[in-house]
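Okay, structure first, notes after.
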Amino acid sequence: MLALFVGFGLVVGVLFGFFGMGGSFLVTPALLMLDYEPSVAVGSGMAFVFGTAVIATLKHHDLGQVDYKLGAIMITGTTIGIEVGRASVYYLQSIGLAGAIISVAYVVLLGGVGAMVTRDALNGEDGGIDHEAADKSLDEYEIPETAKKIQRTVRIPPMVTLRGDVRVSAWVITAVAFATGLLSGFLGVGGGFIRMPAMIYAIGVPVPVAVGTDLFEIVFSGGLGSYLYGQGGGVDLGIVVPLLFGSALGARVGSAATAVVDSDGIKVYFGGMLLVGAIAVGIGEVGSYIGSPTLETVGLFLVIGAAVVVAAAILYTSVVSLRTAQSRQTTTAD
């Protein structure tokens, strides 16, 4: 089990470093399929999220891409949302429905996000993280029309001015924070794949600031959620520590790969991984419902296997790209 968690953490770290998503949406379902209590699966997933986000936030802080005013306002909504989500998990667990409902929520969430990413990637649109976003000036970003409409419509005081000259009602920020906090507390995820688009399209925050502030918010939500779940015995350090160890190594590899790999070709695999993850969670839950260990095992292997395939594709493409670059340099030198 120790080797499994270190290896899985390594794979998740590669995905985190390359795509900018923490991978907790794979960790929690995998723990559920390993027959851990829902509260332990969610709590340990949140602790893993907290550890991975701390390192990434420090990097974005150095680049000046964290809006601490925005983050501070979001803390209120996030805190309430996490507590509501956590209370819901323990209540559902007490009546024996937590595992089933969380699994169904994951099927819907992974399936929906996976379908969107795959569709955008196949259409040649931006279906994943933009590796150049962090290097652009804030002046290069236009506020999306959706955000402009919300800013014009919702003028409830207090109004706040954020980085990038964005002026928006604090209630809009709080609503976004509550929704993503609820998601974090109920599913044990950082919520970044929901929060970051929400900050861009609902609040109007420039992409680099959304990325940095989202990671800062994940540090808070992950830390708070870990503490609250830990109070009830919901954090298993025997799971979290090896996952973080593997993830720390994998994140360095994934980050390095962004310099040599064109992410467009990998986006389709990433979307496919999410879709396979949704199918795997569904299979595992059916297996649990009908008492079939075989189906539960198949679901677990699909979740881990999908992540391994995408991580392997990133590493393979990196090696090929490096060899091609070296070959060109040799030819030029000759």
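The values are calculated or read from the model by the stated rules, or taken from the named source; none is laboratory data. Just so it is clear, the model here is predicted, and its values are computed rather than measured. Neighbour counts run over all protein chains shown; Cβ positions are idealised from the backbone, glycine included. Areas reflect the complete protein model, heavy atoms only, side chains present, ligands, DNA and RNA absent. Shrake-Rupley method; radii C 1.70, N 1.55, O 1.52, S 1.80 Å.
Among residues belonging to the stretch 12-48 that are modelled with pLDDT of 70 or more and not in a helix (DSSP H, G or I), point out the one that is surrounded by the fewest Cβ atoms within 10 Å (Cβ to Cβ). Going through the qualifying residues, I end up with D35. Select from the stretch 86-100 the residues that are of a type in the set (G, A, S) and surrounded by 12 or more Cβ atoms within 10 Å (Cβ to Cβ) and list them in ascending order. The answer is A87, S88, A98, G99, A100.
Checking each residue of the stretch 76-92 against the condition of being part of a helix (DSSP H, G or I), modelled with pLDDT under 80, farther than 19 Å from A198 by Cα and touching a helix residue (DSSP H, G or I) at 6+ places or on another chain (Cβ under 9 Å) gives no match.
The sole residue among V207, V261, V268 that is modelled with pLDDT under 75, over 27 Å from E37 (Cα atoms) and open to solvent by 50 Å² or more (accessible area, probe 1.4 Å) is V268.
Per-residue answers, yes or no, for (1) of a type in the set (A, V, I, L, M, F, W, C); (2) at positive phi; (3) touching a residue at least 24 places away in the same chain (Cβ under 8 Å):
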site: K148; (1), (2), (3): no, no, yes
site: V154; (1), (2), (3): yes, no, no
site: R163; (1), (2), (3): no, no, yes
site: V166; (1), (2), (3): yes, no, yes
site: W171; (1), (2), (3): yes, no, no
site: A179; (1), (2), (3): yes, no, yes
site: L183; (1), (2), (3): yes, no, yes
site: F186; (1), (2), (3): yes, no, yes
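Filtering the stretch 49-85 to residues that are among the aromatic types (F, W, Y) and crowded, with 24+ Cβ neighbours inside 10 Å leaves only F50. Evaluation of R252 against the conditions (1) open to solvent by less than 30 Å² (accessible area, probe 1.4 Å); (2) under 15 Å from T57 (Cα atoms) shows that the sole unmet condition is (1). Residues of the stretch 108-160 being at pLDDT below 80, part of a helix (DSSP H, G or I), within 17 Å of F270 (Cα to Cα) and among the β-branched types (V, I, T), which ones? Matches in the stretch 108-160: V113, V117, T118.
Of everything listed in (1) assigned to a helix (DSSP H, G or I); (2) open to solvent by less than 50 Å² (accessible area, probe 1.4 Å); (3) at pLDDT 80 or above, the single unmet condition for V241 is (2).
Quick one: is F193 closer than 28 Å to V89 by Cβ, modelled with pLDDT of 75 or more and either in a helix (DSSP H, G or I) or open to solvent by 20 Å² or more (accessible area, probe 1.4 Å) (or both)? Don't jump to the end; show me each part of the working.
Working: closer than 28 Å to V89 by Cβ: yes; modelled with pLDDT of 75 or more: no; either in a helix (DSSP H, G or I) or open to solvent by 20 Å² or more (accessible area, probe 1.4 Å) (or both): yes.
No: the conditions fail for F193.
Residue count for the stretch 290-332, restricted to those that are open to solvent by 70 Å² or more (accessible area, probe 1.4 Å) and of a type outside the set (V, I, T): 9. Evaluating G188 against the criteria (1) under 29 Å from I80 (Cβ atoms); (2) modelled with pLDDT of 70 or more leaves one unmet condition, (2).
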